[in-house]
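All remarks here apply to the structure that follows.
The values are calculated or read from the model by the stated rules, or taken from the named source; none is laboratory data. Please read these numbers as outputs of a predicted model, since none were measured by experiment. Here the Cβ positions follow ideal geometry from the backbone for every residue, glycine too, while neighbour counts run over all protein chains shown. For accessibility, only protein heavy atoms count, side chains too; no ligands or nucleic acids. Shrake-Rupley method; radii C 1.70, N 1.55, O 1.52, S 1.80 Å.
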Amino acid sequence: MMTQEIIKVDGLVKKFHNLTAVNNLSFTVNEGDVYGFLGQNGAGKSTTIRMLLTLIAPTLGSIELFGMNLQTHRNEILQQVGAVIEKPDVYKYLSAYDNLKLFARLNGKVTHKKVMDQLEVVGLADRAKDKVKTFSQGMKQRLGIAIALIHDPKLIVLDEPTNGLDPQGIADIRNLILHLCKEQKKTLLVSSHLLTEIEHIATKVLIIDKGRKIIEGSSADLFDPTQTIVEIQTTDNAFALQQLQQSNWRNSLQLERNEAVVIKIDKQAIPQLHRDLVNMNLRLLSLQPKHSLEDYFLQVTSGKQHVDAFTN
Ligand SMILES: Nc1ncnc2c1ncn2[C@@H]1O[C@H](COP(=O)(O)OP(=O)(O)O)[C@@H](O)[C@H]1O
Ligand SMILES: [Mg+2]
C-alpha cells in the first residue's frame with residue numbers, strides 16, 4: 001500500500017505586522033505518523049496549527065491535506081480532522097457524558113454506545129456521569145480529545161496536549177496517543193516545547209525555531225546513537241552549502257540556516273568530513289559535533305528569543 005501524504009505544507013509564511021511568526025516552512029506528514037512538532041514557546045507551532053485548521057489565513061504558501069488543497073476543499077478536509085488546541089472548551093457543570101453527547105450532536109447523529117466507546121478510549125468511562133468541574137487537568141484534556149474524536153477523523157491535531165499536566169497526566173496522554181496511532185490507525189500531529197515529552201512516541205520529528213525549520217527526520221534516524229549532528233561554520237556559509245550540495249555529503253545535509261550549515265553523519269565520518277571541507281577550499285571557523293538531538297535542540301532553540309524575527 002502506498003503511504004498517503006496526510007499533510008503537505010509548502011513554503012508557509014505567516015506575518016503579523018512586522019513579525020514573521022512562520023517563515024518559509026515546508027513539511028510532510030504521512031499516514032500513520034505520530035508527527036512530533038517541536039519548538040520552544042513562541043517558535044510558531046500554534047500559528048502553524050491554526051493555519052492547518054483554517055483559523056487564520058497564511059500570508060504565503062500552500063497547505064494540502066489528504067491530497068486536497070485546503071483553500072478549495074476546506075469543508076471536505078475539516079470533516080476528517082479532529083483537533084484540540086489551547087484549553088479544550090467544555091462545560092464544567094455538565095458531566096463528561098453530556099459534554100461529549102452535546103458536542104457530538106453538532107456533527108450529526110450519535111448513539112449511547114458511541115459516546116461510551118469514546119469515553120472508554122480516553123479512559124473516562126467510569127467517570128462518565130461526573131461533572132467536569134470535578135476533573136483533573138489531565139482528565140479535561142482527555143475529554144477534549146474524546147470530543148475531537150467523536151466524528152472519527154483520520155487526522156488528529158493536538159497543540160501541546162501535555163502542557164501543565166502532572167507526570168501521570170502526561171503518561172496518560174502519551175498512552176492515548178500511542179493507542180490512537182497503533183490500534184485506531186490514526187495519523188497525529190502533536191506539538192510540544194519539550195523534546196522529552198515527544199521523543200518516545202513520535203515516529204517523525206520536526207523542530208522549528210523562530211518560525212523556521214531546524215531539522216526534520218524520523219525518530220529512528222534522529223535518535224540513532226551512532227549518528228551525530230555537526231554544525232559547520234565558515235567565512236562564507238552560502239558557498240559552503242553550495243559546495244556540500246555538490247559533494248557526496250549532500251544527502252546528509254539537514255537545512256540551510258544563515259549562521260551555519262548543519263549536517264547529520266556517522267560519528268566515524270567526522271575526520272573525513274573535515275578533510276573534505278579543507279579540500280573544498282572552505283575557510284573553516286568551526287566544526288562542532290552535537291552528540292544528541294536533545295543537546296542540539298536545546299542549543300539551537302535556547303537563548304535569544306524573537307529578536308531577529310522582528311527585524312526580518
Ligand atoms: N495574533 C497574533 N498577533 C500577533 N502576533 C502573534 C499572534 N499570534 C502569535 N503571534 C506571535 O507569533 C509568534 C509565534 O507564536 P505561536 O505560534 O503561538 O508560538 P508557539 O505556539 O510555538 O509557542 C510569537 O512571537 C507570538 O507572539
Ligand atoms: Mg503554542
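Odds and ends about this structure:
- Accessible surface for His179 stands near 70 Å², nearest 10, in the context of the full protein assembly shown (1.4 Å probe).
- Extended-chain gain in nm, criterion 0.36 nm per residue less alpha-carbon gap, Asn30 and Asn251: 77.5 nm
- Ranking Tyr91, Leu78, Leu194 by Cα position along the charge dipole of the chain, where only Lys, Arg, Asp and Glu carry charges on their C-beta atoms, puts Tyr91 farthest toward the positive end.
- Its Cα centre serving as origin, the chain has a Cβ charge dipole (Lys and Arg +1, Asp and Glu -1) of approximately 880 debye.
- Within a straight-line Cα-Cα reach of under 13 Å, Lys109 can be paired with the following aspartates and glutamates, leaving aside sequence neighbours fewer than 8 residues apart in one chain: Asp152.
- Over the stretch 224-291: Kirkwood hydrodynamic radius from C-alpha pairwise inverse distances, Å: 11.7 Å
- Helical runs (DSSP H, four residues minimum) scored at -39500 (n - 2.57) apiece and divided by the length of the chain put the mean residue ellipticity at 222 nm at -9000 deg cm²/dmol.
- Residue ranges 19-26, 281-288, 160-167 sort as 19-26, 160-167, 281-288 when ordered by packing (mean number of other C-beta atoms within 10 Å per residue, highest first).
- With every protein chain in place, the chain: carbon and sulfur % of accessible area (1.4 Å): 49 percent
- Using alpha-carbon coordinates, inclination of helix 96-105 to the longest axis of the chain, degrees: 80 degrees
- Folded to 0 to 90 degrees: helix 112-121 orientation relative to the chain principal axis, Cα: 40 degrees
- Between Arg174, Arg212, Arg74, the GNM of the chain built on Cα springs shorter than 10 angstrom shows Arg74 fluctuating the most.
- Per residue, in Å², the accessible surface of the chain once ligands and nucleic acids are set aside, probe 1.4 Å: 50 Å²
- Degrees separating the helix 270-279 axis from the principal Cα axis of the chain, which is the longest one: 50 degrees
- For the chain: span of alpha carbons on each principal axis (Å, largest first): 71, 43, 38
- At R0 = 35 Å, FRET efficiency that the Cβ-Cβ distance of Leu284 and Ile56 yields, to 0.05: 0.25
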